[in-house]
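Take a look at the structure set out below.
The numbers here are math on the coordinates, done by the rules we state, and not lab data. Keep in mind that what you see is a predicted model, and the values were worked out from it rather than measured. Cβ sites come from the backbone with ideal geometry, for glycine too, and all protein chains shown count toward neighbours.
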Amino acid sequence: MLKASCDWEDWVYNLTRPVKTLRVQVNDGQRRWQPRSAAMAAGLNAHLWTIEELMMKVVVPKTLRNIRDYTLEIKSLVVRSKAINLKN
């Protein structure tokens, strides 16, 4: 649970929170500064996310990123368990 909450805080900080020291000066007549998040400054996205946007995204844990291998592993476990059950 601690890992999940730390990851959540990282996502919120990097995607939704504008950081004053990262803002960019603009002269569009309406505002002087464009707010930027850490992810925007790193070039990872082009807009500040809302919490709602963040909640709508599904983040796949690092351990499950290769779904094909994970699926094959599950299938092999099922086959092995069936073989063990047949022997008994």
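A few remarks follow.
- As a length-normalised measure over Cα pairs under 8 Å and 6 or more apart, the relative contact order of region 1-57 settles at 33 percent.
- Cβ-Cβ distance of residue 2 and residue 27, R₀ of 35 Å, FRET efficiency by 1/(1 + (r/R0)^6): the value works out to about 0.20.
- Taking θ as phi - 60° and the Karplus parameters 6.51, -1.76 and 1.60, the scalar couplings of region 4-16 work out to 5, 5, 5, 4, 4, 5, 4, 5, 4, 4, 6, 10, 10 Hz in sequence order, x denoting glycine and proline.
- Note on residue 19/residue 52: beta-carbon distance plugged into 1/(1 + (r/R0)^6) with R0 of 22 Å gives a FRET efficiency of 0.60.
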